[in-house]
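Throughout, read-outs are computed from the coordinates displayed, never taken from laboratory work. From a predicted model like this one, the values you see are computed outputs, not experimental measurements. Because the Cβ atoms are built from the backbone with ideal geometry, glycine has one as well, and the counts that use them run over all protein chains shown.
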Amino acid sequence: MRKYFSLLLMLVLCNGLFAQNVDAFMRSNQKIYVVTGVLAIILVGIIAFLFFVEKRLKELERK
Amino acid sequence: MINFFKQQWWKWLCAGLLLYILLAGMLIPLGPGITSIQPFVFKTDSVYTFSIKGYNTNFSANNNTQVWFKAGQEYFCSVSSKVISTDEVQVSFGIPSAVASRISDNNYDVVLNNDDDGTISLREALTLLKGSAIEIDSTLEAKVTGCKVEVNRNQANVFAFPFREILYESIRNTFYHVPMWFAMLMMVILSSVFSVMHLKSGNVVHDTIASAFVIVALFFGAMGLFTGMMWATFTWGDPWPNDPKLNGAAVGVMIYVAYIILRGSITDEIKRGRVSAVYNIFAVVIFILFIFIIPRLPDTDSLHPGQSGNPAFSKYDLDSILRMVFYPAVIAWILLGLWFTSIIVRIKNIEIKNL
């Protein structure tokens, strides 16, 4: 839990520090990086789903 | 449906379609368009030199590149134009005060045409400021008015996605954000069908499938919200603009979060199946109400395309090349949802057996 929390905190801090640069970067090259960001979110979502499935499978294996 | 889950072919179809939408969605180029014009303000009676920047364009001296300026319904021609490179053209243009005074609109659109790119434009590109410039060119009226607007080709001569202002390359998100909601809608509709079947039969298998569909629907709902926030930040300038469709979608997701909580709170298996099935049938109606009906009410104004009385995905929103990737994308994400559901159903069935 602490691991996730620290990761989240890091992301929020990074966002605060580099918000201006990130904004300029995302708008560069005709906003193509917005598509990259959306695909990254979907990938993270699918991996989160895999973790969710794995957690339930682990419980079944223990029984 | 249960037999369909056991089959294998549609998983291969899903994988193939996902690969197709990823490759086609990222590799097909964006069509030509005008990104900017410098300077963007000017005064009457003097000739200015404007630099027009294009994207994926083929400006050339050989392909009849012409530039017009449009205010209201009237077209004005440029004094002269010079092609610098394939994506830059320099144009001399000015507006006499006699002409400017009879046009109520102070915003001028730039319209450009050549034989490769077709007609491309930048709306409200120039703003006419009050007052005249110091150098006055009295022959200007004859130069810019009364020109002929003749074009050989209106559509670009390329296989490409349409170039839209503000969206630009992020129009590709049509294949990665919009189908999330289509998939979620499909999942909640299938879930409610299984809830009805559970109420009729009392079979616990139907209840399991209905709840698995809701979990996957929530997955797609979360993906739709997060990808939408990403897209909105860089196109509408705010991750959460006060948009009726957005708020409706958020409430819709909340309704299904409540479904999961409701299921968790009832321990008796038969009671849980019955209560959650009834809730689910109400939920799907309210979900459709929030997603489709409320954003279309006449007094609401949504940023999403096709709102306030207009059906979405009219011919103006999606052109034929977007459709070629969009429809496979909808099928691919729905099949991925079915795949996820089948995995959750199998885990739940083992859990029930182990009890």
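Computed from backbone phi with θ = phi - 60° and the Karplus coefficients 6.51, -1.76 and 1.60, the 3J(HN,Hα) list for segment B:222-239 is 5, 4, x, 5, 5, 5, x, 5, 4, 5, 5, 4, 9, 10, 9, x, 7, x Hz; x is used for glycine and proline. If only the Cβ of Lys and Arg carry +1 and only the Cβ of Asp and Glu carry -1, the dipole of chain B around its Cα centre is close to 1600 debye. Counting Cβ atoms of other protein chains within 10 Å of each Cβ in B:172-178 and taking the mean gives 4. Of all beta bridges that DSSP places with both ends in segment B:1-144, some 90 percent have antiparallel geometry. I'd like the distance separating the alpha-carbon centroids of segment B:10-25 and segment B:54-100, in whole Å. Result: 43 Å between the Cα centres. Across segment B:25-32, computed HN-Hα scalar couplings (Karplus, 6.51 cos²θ - 1.76 cosθ + 1.60, θ = phi - 60°) run x, 9, 9, 5, x, 8, x, x Hz from first to last residue, x flagging Gly and Pro. When the alpha-carbon atoms of segment B:24-74 are used, the pair Rg, Dmax equals 14.8, 49 angstrom. Length available on full extension from B:Ser92 to B:Met324: 0.36 nm per residue minus the Cα-Cα distance, which gives 79.5 nm. Here the relative contact order of chain B, from alpha carbon pairs under 8 Å that lie six or more residues apart, stands at 18 percent. Averaged over the residues of B:231-241, the number of partner chain Cβ atoms lying within 10 Å of the residue Cβ comes to 2. Largest GNM mean-square fluctuation among B:Asn152, B:Asn247, B:Asn58, using chain B with Cα springs under 10 Å: B:Asn152.
With charges only on Cβ, +1 for K and R and -1 for D and E, what is the dipole size of the protein assembly as shown about its Cα centre, in debye, rounded to 20? All intermediate terms of the calculation are to be shown ahead of the outcome.
Numbers: 35 positive and 30 negative charges, 438 e Å.
Dipole size: approximately 2100 debye.
Each peptide in B:221-228, A:3-10, B:342-349 was scored by the mean count of other Cβ atoms within 10 Å over its residues; highest first, the order is B:221-228, B:342-349, A:3-10. When only the Cβ of Lys, Arg, Asp and Glu is charged (+1, +1, -1, -1), the dipole of segment B:31-146 relative to its Cα centre reaches about 220 debye. Over segment B:102-215, the Kirkwood radius and the radius of gyration, each from Cα atoms, give a ratio Rg/Rh of 1.38.
If you wrap a convex hull around the alpha carbons of chain B, what volume per residue comes out, as a whole number of Å³?
Value for chain B: 155 Å³ per residue.
When the P(r) of segment B:181-245 is calculated, the portion above 15 Å amounts to 58% of the C-alpha pairs. For segment B:1-112, what number of Lys pairs, 8 or more residues apart or on separate chains, have alpha-carbon atoms under 28 Å from each other? Eligible lysine pairs with Cα atoms under 28 Å apart amount to 6. Based on DSSP H segments of at least four residues, each scored -39500 (n - 2.57), the protein assembly as shown has a per-residue ellipticity at 222 nm of -19000 deg cm²/dmol. Expressed per residue, the C-alpha convex hull volume of the protein assembly as shown stands at 178 Å³. Model label points for B:Cys147 and A:Phe51, set 7 angstrom from Cα along the Cα-to-Cβ axis, are 5.9 nm apart.
Assuming a viscosity of 1.306 mPa s and a temperature of 10 °C, what translational diffusion coefficient in µm² per second does Stokes-Einstein assign to segment B:1-90, Rh being the Kirkwood radius over Cα pairs? Estimated via Stokes-Einstein, D reaches 91 µm²/s. Among the chymotrypsin sites (Phe, Trp or Tyr not before Pro) in segment B:17-73, those placed in a DSSP loop whose Cβ has at most 15 other Cβ atoms within 10 Å are B:Phe40.
Taking a straight Cα-Cα cut-off under 17 Å and skipping sequence neighbours fewer than 8 places away in the same chain, the lysines within cross-link reach of A:Lys63 are A:Lys55, B:Lys348, B:Lys353. Here segment B:18-40 is scanned for amide nitrogen atoms under 12 Å from the site 7 Å beyond the Cα of B:Ala160 along Cα-to-Cβ, giving B:28-35.
Whats the longest run of chain B with zero GluC sites (Glu not before Pro) that are DSSP loop and have at most 14 other Cβ atoms within 10 Å?
Result, exposed sites excluded: B:166-355.
The order of the peptides B:261-267, B:107-113 by mean Cβ neighbours within 10 Å, most packed first, is B:107-113, B:261-267. For the residues of B:221-230, the average number of beta carbons from a partner chain within 10 Å of their own beta carbon is 4.
Approximating the spin labels as points 7 Å out from Cα along Cα→Cβ, the A:Glu59-to-B:Met229 distance works out to 2.7 nm.
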